[in-house]
Structures are given as structure tokens and as C-alpha cells.
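Visitor: This is the structure, below, for whatever I ask next.
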Amino acid sequence: MTTDKRENNKQKVIFSGAQPTGSLTLGNYIGAIQNWKALEDQYECYYSIVDLHSLTIRHDPKAFRKSNLSFLAQFLASGLNPKKNVIFFQSHVPQHAELGWILNCNAYLGELNRMTQFKEKSETHKDNINAGLFTYPVLQAADILLYKTNLVPVGEDQKQHLELSRDIAIRFNNTYGKVFEVPEIHMTKVGGRIMSLQDPTKKMSKSDEDANGTIFLLDDDKVIIKKLKRAVTDSENKVNFRDEQPGIKNLMTIHSKLSGMSMEQIENEYEGKGYGAFKNDIGEMIVEYIQPFKEKYNEYMTNEDYLEAIYKQGAERAREKAEATMKVVRKKLGLVKF
Ligand code: AMP
Ligand code: TRP
């Protein structure tokens with residue numbers, strides 16, 4: 001139970017987050033959430049729907065509110081147990097924004113300029129390159145450091161942001177005395193980067209303009225089978241785990257994560273069979289795998305009172321820990337106590 005874990009201060013802390021835009025993808029699930037579930041019994045875990053981060057992109061407030069609740073339902077439907085994990089909205093814990101500002105004063109333009117996600121997003125949102133988009137990774141560092149986090153389970157795309165969080169933690173500790181843990185990245189060995197089904201050199205993304213490249217957990221069964229059928233492969237006609245066959249490599253990774261089979265077992269299974277059977281099996285496997293997710297999601301979505309109880313309780317628990325850290329941070333900085 002979380003209470004027991006929290007009383008034992010030797011317990012290591014986990015923090016991770018996802019933006020409430022669109023809906024969860026198979027990439028999010030395999031790269032991050034599957035991993036979160038595996039950790040809930042051994043660690044004190046905080047999982048946040050990072051709604052403030054999403055404000056860096058223009059949005060429609062009405063749709064955004066819905067999307068936020070939908071994300072909470074998706075977290076729960078993924079099997080995250082709210083008794084074992086602290087699940088909350090970032091904006092319900094004002095200490096994130098407070099520490100975000102303080103860390104902004106301890107982050108350098110030069111290091112933020114190097115962030116590839118900022119470069120990519122400035123390319124895709126040319127008409128709205130706002131200051132929040134630039135300091136996005138500093139708010140992320142605040143999310144992580146606020147809970148004295150030891151481990152951050154994320155996909156490979158977040159490696160650079162994690163490095164920055166570490167640098168900021170070390171810099172702050174050296175300047176003002178030790179407050180923060182220096183967080184480590186925790187990545188799954190296989191599946192840290194699920195690729196687009198349409199372009200296996202690009203990561204599968206919520207915001208891909210080609211929806212055929214992305215499997216959304218809320219996609220219709222038929223749509224999933226169709227997306228798999230259309231997945232880009234090659235003309236080798238051999239199910240082999242090789243860099244030269246990036247499409248097949250990606251599909252094998254998905255297969256392996258869902259079936260638990262090794263790459264060698266998968267190669268043997270499909271020897272002499274065409275890609276058609278392989279893709280069809282994976283499609284069916286995904287459909288079957290996410291069936292319970294969909295059922296639970298629909299149940300949670302019809303019960304807003306339950307969702308409210310979960311996010312209120314989560315925020316309360318998160319605020320308690322966040323405020324304890326902030327008291328120390330304010331003191332170290334010489335801010336007068338209130
Ligand atoms: P995001 O969808 O960008 O909010 O990401 C939420 C989490 O899912 C982060 O830990 C990402 O690193 C992870 N993630 C996103 N896309 C992928 C992908 N294609 N493969 C593996 N992990 C991913
Ligand atoms: N930037 C992350 C993403 O795009 C989301 C995120 C925000 C996050 N704060 C975090 C992830 C803290 C891990 C820890 O996926």
C-alpha cells in the first residue's frame with residue numbers, strides 16, 4: 001500500500017507524466033505505461049497528467065477539459081491502481097509552477113537551445129513559438145525534482161529532457177546545498193521507441209498527421225486490423241530482426257511486447273510464411289490485448305464522480321510531498337517564510 005511505502009523513507013520514488021492531448025497510443029503503452037505498472041509494488045510512484053505542459057500548444061478549452069478527464073480514465077483503464085500510485089493533474093499542485101519558475105532562473109538559454117523537441121515543435125507550430133514551449137523542459141525538471149524522484153520511466157524520446165533535469169538538479173544542489181535527488185532514466189530494454197507504421201524511421205506519435213501510422217488505444221478493432229495490414233514493410237518477405245528491415249523490426253518489437261515471445265521465437269514462428277499472416281496476427285493480438293482497456297475506459301468515462309474522487313485524492317497526496325520539498329527550497333534560496 002502507498003501509505004506504508006510513504007512511511008518508509010528508504011523507498012525509492014518514481015515520477016512520470018504524459019500530456020493529455022489526443023489519446024494514448026500503443027507507443028505510450030509499450031514505451032511507458034506498461035513499465036509504470038510493473039513498478040507500483042516496489043516504489044513510491046507519482047504519475048501526473050501534465051496539463052500545464054499541454055498549454056504550450058493552442059487548444060480548445062472545452063475539448064481540453066474532456067481530454068483531461070479522458071486521460072485520467074485511460075490511465076486507470078491501463079491498469080494503474082490508484083491505491084498503489086498517486087495519480088493527479090499537474091495543475092492541481094501549484095508547487096510545479098512555483099518550482100518551474102525557480103528552476104528557470106537556474107537553467108541556461110544555451111542548454112535549452114539544444115533541445116531537439118523544442119526544435120521539432122517550433123517547426124510544426126511556426127505560428128506559435130511561445131516562451132512556454134522553450135522552457136517546457138524546465139517545467140518537466142520541476143515535475144521530477146519536486147518529488148525527490150530517483151527514477152523516471154519514459155520512452156527514449158525523453159532522454160535529452162532527463163539529462164537536462166539531472167544537470168539542473170546538480171547545479172541547484174551545488175549552489176544552494178543538497179535538496180534534490182539526481183534522477184535516473186528508466187527505460188524498457190525493448191520497445192523504448194515504437195515507430196510509426198507508415199514510416200518506421202519516425203516514432204509513433206499522438207500528433208502524426210498520418211493517422212495510419214499510429215495505433216490509438218481507443219481505435220476501433222477494424223481500424224486497428226486495417227492499420228496493421230497497411231503497415232509499411234519491405235520486399236524481403238522474411239520476418240527477421242535486422243536494422244535493414246526497420247518496418248519488420250518494429251512489428252516484431254510490438255509482437256514481442258504483447259506475446260512475451262523472444263525475437264528468435266517469432267522468427268521461427270513465421271519462417272516460410274508471408275508478411276500477410278504476420279501482420280494479421282499482430283493486428284488481432286493488439287485488438288485482444290486492448291479489449292479490457294476499452295471496456296474499463298467506457299466504464300470510467302460514465303462515472304465522473306469516481307474520476308473526481310481519484311484526482312482529488314491524488315492531488316492531496318502529491319501536494320503534501322511537493323510542499324515539503326518547497327519549504328526546503330524556499331529556505332535555501334533565502335525567501336522569507338510565510
Ligand atoms: P507523450 O505522448 O509525448 O506525452 O509521452 C508519454 C510517454 O510515452 C513518454 O514517456 C514517452 O517517452 C512515451 N512514448 C511516446 N511515444 C512513444 C513511442 N513511440 N515509443 C515508446 N515510448 C513512447
Ligand atoms: N515531456 C514528456 C513527454 O512529452 C511529458 C512529461 C512532462 C514528463 N513532465 C514529465 C515525463 C516528467 C516524465 C517526467 O512525454
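Visitor: Enter the Cα centre distance for the pair the range 160-201 and the range 13-45, rounded to the nearest angstrom.
Guide: 14 Å
Visitor: Between E156 and D41, what is the spin-label point distance in nm, taking each point 7 Å from the Cα along the Cα→C-beta axis?
Guide: The answer from the label model is 3.0 nm.
Visitor: For a test of the definition: using alpha carbon positions, the gyration tensor, and the 1.5 limit on a/c, classify the range 122-219 as rounded, prolate or oblate. Numbers along the way, then the final one.
Guide: Values: a/c = 3.02, a/b = 1.68, b/c = 1.80.
Oblate.
Visitor: What shape does the range 273-324 take by its C-alpha gyration tensor, where a ≥ b ≥ c are the square roots of the eigenvalues and a/c under 1.5 counts as rounded, a/b above b/c as prolate, and the rest as oblate? All intermediate terms of the calculation are to be shown ahead of the outcome.
Guide: Working: a/c = 8.31, a/b = 2.45, b/c = 3.40.
Oblate.
Visitor: Provide, in order from the shortest bin, the percent of all Cα-Cα pairs of the chain in each 20 Å bin, continuing until the bin that contains the maximum pair distance.
Guide: Histogramming the chain at 20 Å steps yields 29, 56, 14, 0 percent.
Visitor: Calculate for the chain the 222 nm mean residue ellipticity that helices alone would give, adding -39,500 (n - 2.57) per DSSP H run of length 4 or more and normalising by residue count, nearest 500 deg cm²/dmol.
Guide: Working: 14 runs with 178 residues, N = 338.
Rounded to the nearest 500, it is -16500 deg cm²/dmol.
Visitor: Still on this structure, please answer the following. For every other residue with a beta carbon closer than 14 angstrom to the beta carbon of N280, add +1 if it is Lys or Arg and -1 if Asp or Glu, then tell me the sum.
Guide: Details: positive: K222, K226, K227, K229, R230, K273, K279; negative: D221, E269, D281, E284, E288.
Here the charged neighbours net out to +2.
Visitor: From the square roots a ≥ b ≥ c of the eigenvalues of the alpha-carbon gyration tensor of the range 24-74, which class results: rounded (a/c under 1.5), prolate (a/b over b/c), or oblate?
Guide: Numbers: a/c = 2.45, a/b = 2.04, b/c = 1.20.
Prolate.
Visitor: I want the local charge near K203. Using Cβ-Cβ distances under 10 Å, sum +1 for each Lys or Arg and -1 for each Asp or Glu among the other residues. Provide the component values of the computation, followed by the final result.
Guide: Details: positive: R193, K202; negative: E156, D157, D199, D208.
So the environment of K203 carries a net charge of -2.
Visitor: Here is a follow-up. Would you give the gap between the C-alpha center of the range 135-149 and the C-alpha center of the range 57-95, rounded to a whole Å?
Guide: Result: 17 Å between the Cα centres.
Visitor: Moving on to the next point. Taking the highest mean first, how do the peptides 148-155, 221-228, 330-337 order by number of other beta carbon atoms within 10 angstrom per residue? Display every interim value, and only then the final one.
Guide: Working: 148-155: 21.9, 221-228: 17.2, 330-337: 11.0.
The packing order, highest mean first, is 148-155, 221-228, 330-337.
Visitor: Here is a follow-up. Percent of accessible area on the chain owned by carbon and sulfur, 1.4 Å probe? Please report the intermediate quantities before stating the final value.
Guide: Working: 8190 of 16450 Å².
With neighbouring chains kept in place, the figure for the chain is 50 percent.
Visitor: Continuing with the same structure: At what distance in angstrom do the alpha carbon centres of the range 240-276 and the range 279-334 lie from each other?
Guide: What the calculation gives is 32 Å, centre to centre.
Visitor: Let me ask another. Efficiency by 1/(1 + (r/R0)^6): what FRET value for K238 and E120, r their Cβ-Cβ distance, R0 = 25 Å, to the nearest 0.05? Could the numbers behind the result be given before it?
Guide: Values: r = 33 Å, r/R0 = 1.34.
Given R0 = 25 Å and the Cβ-Cβ separation, E is 0.15.
Visitor: Name the long-range amide H neighbours of E184: under 5 Å, sequence gap of 5 or more, or other chain; modelled H, no Pro or chain starts.
Guide: For E184, the qualifying residues are L151, V152.
Visitor: Between K12 and E323, what is the spin-label point distance in nm, taking each point 7 Å from the Cα along the Cα→C-beta axis?
Guide: The two pseudo-label positions are separated by 3.0 nm.
Visitor: Principal axes first, then extents: for the Cα atoms of the range 41-187, list largest minus smallest coordinate on each axis, whole Å, largest first.
Guide: 44, 41, 28
Visitor: What is the chain's relative contact order, in percent, from Cα pairs under 8 angstrom and six or more apart in sequence? Walk me through the numbers before you get to the answer.
Guide: On the way: 507 pairs, mean separation 75.7, N = 338.
Across the chain, relative contact order equals 22 percent.
Visitor: Among 80-87, 300-307, 66-73, how do they line up from the highest to the lowest mean number of other beta-carbon atoms within 10 Å?
Guide: Working: 80-87: 18.1, 300-307: 13.2, 66-73: 20.1.
The packing order, highest mean first, is 66-73, 80-87, 300-307.
Visitor: Count charges around Q140 for me, please; just the other residues with Cβ under 14 Å from its Cβ, Lys/Arg as +1, Asp/Glu as -1. Please list the in-between numbers first.
Guide: Values: positive: K121, K159, R166; negative: D51, E111, D143, D157, E163, D167.
Within the 14 Å Cβ shell, the charges total -3.
Visitor: Jot down the radius of gyration and Dmax of the range 42-116, Cα atoms only, both in angstrom.
Guide: That works out to 15.2, 42 Å for Rg and Dmax.
The values are calculated or read from the model by the stated rules, or taken from the named source; none is laboratory data. Everything numeric here is computed off the predicted structure, so don't read it as measured data. Ideal geometry is used to build each Cβ from the backbone, glycine not excepted, and the neighbour counts take in all protein chains shown. Please note that ligands, DNA and RNA were not included when accessible areas were found on the heavy atoms of the full protein model with its side chains. Shrake-Rupley method; radii C 1.70, N 1.55, O 1.52, S 1.80 Å.
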